[in-house]
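One structure is given below, encoded as structure tokens.
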Amino acid sequence: MKSLNKVTLIGHLGDTPEFNTIEGNIPFAKFSIATNDLYKDKSGQVHTETEWHTIILWRSLAELATKYLVKGSFVYIEGKLKTRTWEDKAGVKKSATEIIAEHLIMLDKKEG
């Protein structure tokens, strides 16, 4: 194997997915999920560190997420890292690293 770009995350949505389409009427959705790490300091006090991840879904995964996910939903995401760069209106270079989801599993318990 020459290389591997794979990300696996389990976390809660920070907000309801944003749904949109691009040229050719191709659907996509964007949302963030939070993952938490717990650690104890020298005094034994437990601390939580939260990391936020931007998730991008395409086509049927985007439609599925938009239909069923809401803020706080618990999900499993598997995908790959993608970094994109652009210039804003003021000419300042910007970049963002996102996870392009290839698999989505809803982990919330069913009601009833």
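Quick look at the values:
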item	result
All positions within the stretch 49-83 that are within 12 Å of the chain's Cα centre (by Cα) and among the aromatic types (Phe, Trp, Tyr)	52, 74, 76
Selection count, the stretch 7-52, where residues are of a type in the set (Lys, Arg) and loosely packed, with under 11 Cβ neighbours inside 10 Å	2
Any hit, the stretch 42-57, residues being out of contact with any Gly (no Cβ under 8 Å at 6 or more places or on another chain), under 17 Å from residue 99 (Cα atoms) and small (Gly, Ala, Ser)	no
Strands (runs of 3 or more DSSP E) enclosed by the stretch 1-108 - at least 1 residues per element that are without any contact (Cβ under 8 Å) to a residue 12 or more places away in the chain and of a type in the set (Asp, Glu)	74-87
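No value in this document is a laboratory result; all are computed from the given coordinates. Keep in mind the model is a prediction, meaning the values are calculated, not measured. All Cβ positions, even for glycine, are placed from backbone atoms using ideal geometry, and neighbour counts span all protein chains on display.
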